[in-house]
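Colleague: Here you go, one structure.
The values are calculated or read from the model by the stated rules, or taken from the named source; none is laboratory data. Nothing here was measured: the structure is a model prediction, and the numbers come from that model. Cβ placement follows ideal geometry from the backbone for every residue including glycine, while neighbour counts extend to all protein chains displayed. Surface areas here come from the heavy atoms of the whole protein model, side chains and all, with no ligands, DNA or RNA. Shrake-Rupley method; radii C 1.70, N 1.55, O 1.52, S 1.80 Å.
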Protein chains: 2
Amino acid sequence: MTENQSQYRFDLLQKRWVIIASERGKRPNDFQVPKEPAESDGFCPFCPGHEDKTPAEILSIPAMPGRTNPSRWQVRVVPNKFPALRVEGQPVREADGIYDRILGVGAHEVVIETPQHHSPMAERDIEETFLLLKVYRERIRDLMNDRRLKYILVFKNHGSSAGATLHHPHSQIMATTVTPRIVSTELTSCREHHQVKERCLICDLIKQETTDRDRIICIDDRYIAFCPYASRFPFEAFIAPRFHQHDYVNASDDDLRLLASTLRDVLWRLKLALDDPPYNFVLHSSPNTRVIPRRAHYWDTIEFDFHWHIELLPRLTRVAGFEWGTGFYINPTPPEEAARFLRQIS
Amino acid sequence: MTENQSQYRFDLLQKRWVIIASERGKRPNDFQVPKEPAESDGFCPFCPGHEDKTPAEILSIPAMPGRTNPSRWQVRVVPNKFPALRVEGQPVREADGIYDRILGVGAHEVVIETPQHHSPMAERDIEETFLLLKVYRERIRDLMNDRRLKYILVFKNHGSSAGATLHHPHSQIMATTVTPRIVSTELTSCREHHQVKERCLICDLIKQETTDRDRIICIDDRYIAFCPYASRFPFEAFIAPRFHQHDYVNASDDDLRLLASTLRDVLWRLKLALDDPPYNFVLHSSPNTRVIPRRAHYWDTIEFDFHWHIELLPRLTRVAGFEWGTGFYINPTPPEEAARFLRQIS
């Protein structure tokens with residue numbers, strides 16, 4: 001392992017893997033001046049006509065027939081130009097004194113969601129979002145064929161204070177040889193619940209929410225969106241299928257079309273209620289079930305050990321570092337109140 | 001438990017307590033416009049002469065003799081005017097359907113570090129910081145007498161993007177009836193390590209750092225400051241005693257004077273290297289050892305199960321929501337490089 005390759009390193013105290021992405025090349029001096037917005041010159045590498053400004057595409061979905069479209073494509077997936085992880089190499093695990101590290105193997109892709117530069121997801125039509133959700137499913141399915149990859153993470157940053165460096169609507173996919181800490185805690189919680197009760201914890205949570213009703217944002221026969229009981233942030237939303245499904249790749253086309261409708265509904269309500277807030281969403285799906293089970297007792301009941309969902313986090317409060325240092329959150333808006341407010345938006 | 005009192009609520013999936021602080025009164029409309037800086041009118045409630053603008057003081061340290069001082073006090077501790085937790089009441093644990101909650105009992109104090117409005121900790125003299133560190137110790141010791149309180153957390157936000165709403169240098173103390181998640185993970189890691197090896201994990205980490213040397217920022221006979229092996233953020237620092245000590249309240253005056261010197265050294269280097277960056281620091285000390293042990297096997301070896309330390313997190317990178325949604329961090333600056341850069345500052 002050479003020093004200028006990215007590495008996963010394990011935090012022995014906080015029990016989590018961190019990516020030390022030295023290839024991204026942030027040197028100390030880079031932090032001394034505030035970063036300029038990447039698009040200050042008005043050039044967008046994701047707009048139609050600039051296809052040669054991104055690395056060679058992994059996937060391209062043709063433009064939908066019968067629609068005005070500035071390009072021949074509707075959705076494009078390309079490798080991240082500044083990847084935190086590289087596809088090449090074997091994820092060899094090494095001791096480094098008392099510490100542990102792994103070569104930074106993985107994938108880091110960008111999903112250009114639409115050819116339209118100014119078309120936020122909250123305003124896009126459902127058919128377009130449906131197409132995007134299918135692209136997520138296809139990329140996850142494809143990356144799962146790589147048995148080095150334990151987890152495939154889909155996420156989106158909207159707005160610069162949510163971490164988006166380019167305005168053009170895009171999501172990211174990161175495939176890693178380790179499971180992100182929050183997902184792995186959720187897996188443990190679900191597994192422990194299932195071991196005792198032989199029921200899915202998230203199914204139980206959803207049942208409680210449909211009984212209480214006061215935290216529901218919107219609901220249909222197949223999907224529910226609610227503000228979680230212990231929301232860390234104001235207007236946090238949890239979107240999940242009401243039926244048990246552990247892995248997002250198992251979602252059918254019909255279901256993904258309904259999910260697109262729920263997702264757009266929630267984003268539209270947030271946009272109207274909070275004046276287009278910055279937000280992040282993260283798809284928490286099952287780990288890569290095609291990876292050879294290392295601990296048989298763990299994988300035995302994998303189908304009941306997780307229940308995929310989307311966590312949507314509006315970025316409204318400024319306080320942040322305290323939370324990073326403690327894992328403790330103070331939320332000034334009760335989820336019941338946030339949900340009531342969002343339900344009232346028509 | 002009435003609906004308009006703060007509550008601790010447990011996140012069943014992510015296994016952590018969250019404070020739903022409804023008394024702080026953030027209503028949906030509050031989020032629609034960016035907050036104005038609290039001091040836009042130039043008035044500072046923490047400056048000398050405005051002592052009546054804060055709640056009645058808990059502790060006041062007289063001005064040091066022989067020094068120019070605009071007030072009769074050097075450090076003041078007052079209750080937070082907008083507390084997330086209240087001192088009154090019993091922390092009754094209640095089921096709420098499938099969920100769990102506790103009345104929001106605790107303490108939330110503000111430490112006004114100096115009478116000088118423009119005197120950041122990095123520039124203050126060591127004797128003043130020593131006094132502040134003694135105040136932390138005194139407040140922790142006093143709050144530990146309250147057996148309802150399991151954990152006392154001292155933290156500081158410097159700079160508005162690190163969450164400081166007032167410019168006047170201040171820290172905060174929050175005492176809770178639950179242990180913050182990150183601290184409780186650290187406790188578990190230390191306990192597991194000690195069970196197997198009968199050694200303190202943090203002592204072992206420090207030994208590794210003094211062997212490797214390439215992540216050390218500064219070191220003396222009693223204290224070490226280093227960039228952790230799996231730093232989540234660029235220029236993150238970990239400051240700890242080189243000798244085993246589980247609880248900060250056990251630190252002697254002589255030691256706290258040396259700690260003040262190390263802390264100031266690190267802050268000064270950060271200030272010079274990175275142009276006065278915003279930062280947070282958090283003191284991770286032992287839980288309240290005066291609380292009656294609930295699980296005897298846990299508390300048996302408490303003296304070896306933790307090792308207090310300060311985690312200092314400069315706020316240089318913008319990306320944040322992704323980390324919140326996954327617990328996964330990408331750090332673009334290897335800690336070896338950050339430490340080398342900080343060591344070179346004279």
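Colleague: Take residues that are open to solvent by less than 40 Å² (accessible area, probe 1.4 Å) and tell me which of the strands (runs of 3 or more DSSP E) falling wholly in the stretch A:56-106 contain 2 or more.
Modeller: So the answer is A:59-62, A:73-79, A:99-103.
Colleague: Consider B:LYS15 carefully, then state whether it is modelled with pLDDT of 75 or more, within 14 Å of chain A (Cβ to nearest Cβ) and either within 24 Å of A:GLU336 (Cβ to Cβ) or buried (at least 18 other Cβ atoms within 10 Å of the Cβ) (or both).
Modeller: yes
Colleague: Taking the stretch A:173-194, which residues are in contact (Cβ under 8 Å) with a residue 24 or more places away in the chain, open to solvent by 10 Å² or more (accessible area, probe 1.4 Å) and either assigned to a helix (DSSP H, G or I) or at the interface with chain B (Cβ under 8 Å from one of its Cβ atoms) (or both)?
Modeller: A:ARG181, A:ARG191, A:HIS194, listed by residue number.
Colleague: Something else about it: Among the numbered criteria (1) within 13 Å of chain A (Cβ to nearest Cβ); (2) out of contact with any Phe, Trp or Tyr (no Cβ under 7 Å at 6 or more places or on another chain), which single criterion is violated by B:PHE155?
Modeller: Exception for B:PHE155: condition (2).
Colleague: Please verify whether A:THR165 is at pLDDT below 95, within 11 Å of chain B (Cβ to nearest Cβ) and over 13 Å from A:HIS309 (Cα atoms), treating the condition exactly as stated.
Modeller: Yes, satisfied.
Colleague: OK, next. Take the residues in the stretch A:227-279 that are aromatic (Phe, Trp, Tyr) and over 26 Å from B:TRP17 (Cβ atoms); name whichever of them is surrounded by the fewest Cβ atoms within 10 Å (Cβ to Cβ).
Modeller: A:PHE243
Colleague: All but one of (1) out of contact with any strand residue (DSSP E or B) (no Cβ under 6 Å at 6 or more places or on another chain); (2) within 14 Å of chain A (Cβ to nearest Cβ); (3) at pLDDT below 95 hold for B:PRO287; state the number of the condition that does not hold.
Modeller: (1)
Colleague: Identify all residues within the stretch B:302-325 that are out of contact with any strand residue (DSSP E or B) (no Cβ under 7 Å at 6 or more places or on another chain), part of a loop (DSSP other than H, G, I, E, B) and at pLDDT 60 or above; write none if there are none.
Modeller: Within the stretch B:302-325, B:PHE306, B:LEU316, B:THR317, B:ARG318, B:ALA320 meet the criteria.
Colleague: So, one more: Give the stretch A:326-346 a look and list any residue that's among the β-branched types (Val, Ile, Thr), farther than 11 Å from A:PHE235 by Cβ and in a loop (DSSP other than H, G, I, E, B), or say none.
Modeller: Hit for the stretch A:326-346 is A:ILE345, nothing else.
Colleague: Would you confirm, using the coordinates I've provided, whether B:PRO169 is surrounded by 19 or more Cβ atoms within 10 Å (Cβ to Cβ), in contact with a helix residue (DSSP H, G or I) (Cβ under 6 Å, 6 or more places away or on another chain) and not charged (D, E, K, R)?
Modeller: no
Colleague: Would you confirm, using the coordinates I've provided, whether A:ALA230 is among the aliphatic types (A, V, I, L, M), facing another protein chain (nearest Cβ under 8 Å), touching a Pro at 6+ places or on another chain (Cβ under 9 Å) and not in a helix (DSSP H, G or I)?
Modeller: The answer is yes for A:ALA230.
Colleague: Also, quick follow-up: Restricting to the stretch A:215-240, count the residues that are of a type in the set (Lys, Arg) and under 19 Å from A:ILE330 (Cβ atoms).
Modeller: Within the stretch A:215-240, residues that are of a type in the set (Lys, Arg) and under 19 Å from A:ILE330 (Cβ atoms) number 2.
Colleague: Working only within the stretch B:204-227, note down all residues that are in contact with a Phe, Trp or Tyr (Cβ under 6 Å, 6 or more places away or on another chain) and either on the phi > 0 side of the Ramachandran plot or aromatic (Phe, Trp, Tyr) (or both).
Modeller: Answer for the stretch B:204-227, where residues must be in contact with a Phe, Trp or Tyr (Cβ under 6 Å, 6 or more places away or on another chain) and either on the phi > 0 side of the Ramachandran plot or aromatic (Phe, Trp, Tyr) (or both): just B:PHE226.
Colleague: Within the stretch A:126-142, does at least one residue satisfy the condition of being among the aromatic types (Phe, Trp, Tyr) and more than 12 Å from chain B (Cβ to nearest Cβ)?
Modeller: The answer is yes, given that some residue of the stretch A:126-142 is among the aromatic types (Phe, Trp, Tyr) and more than 12 Å from chain B (Cβ to nearest Cβ).
Colleague: Answer yes if at least one residue in the stretch B:122-141 is outside any helix (DSSP H, G or I), touching a Gly at 6+ places or on another chain (Cβ under 7 Å) and not hydrophobic (A, V, I, L, M, F, W, C), and no otherwise.
Modeller: No, the stretch B:122-141 contains no residue that is outside any helix (DSSP H, G or I), touching a Gly at 6+ places or on another chain (Cβ under 7 Å) and not hydrophobic (A, V, I, L, M, F, W, C).
Colleague: I need a count of the residues in the stretch B:217-275 that are among the basic types (Lys, Arg) and without any contact (Cβ under 8 Å) to a residue 60 or more places away in the chain.
Modeller: Adding up the residues that qualify gives 2.
Colleague: When only residues in the stretch A:200-226 that are in a loop (DSSP other than H, G, I, E, B) and within 11 Å of chain B (Cβ to nearest Cβ) count, which is surrounded by the fewest Cβ atoms within 10 Å (Cβ to Cβ)?
Modeller: The selected residue is A:ASP214.
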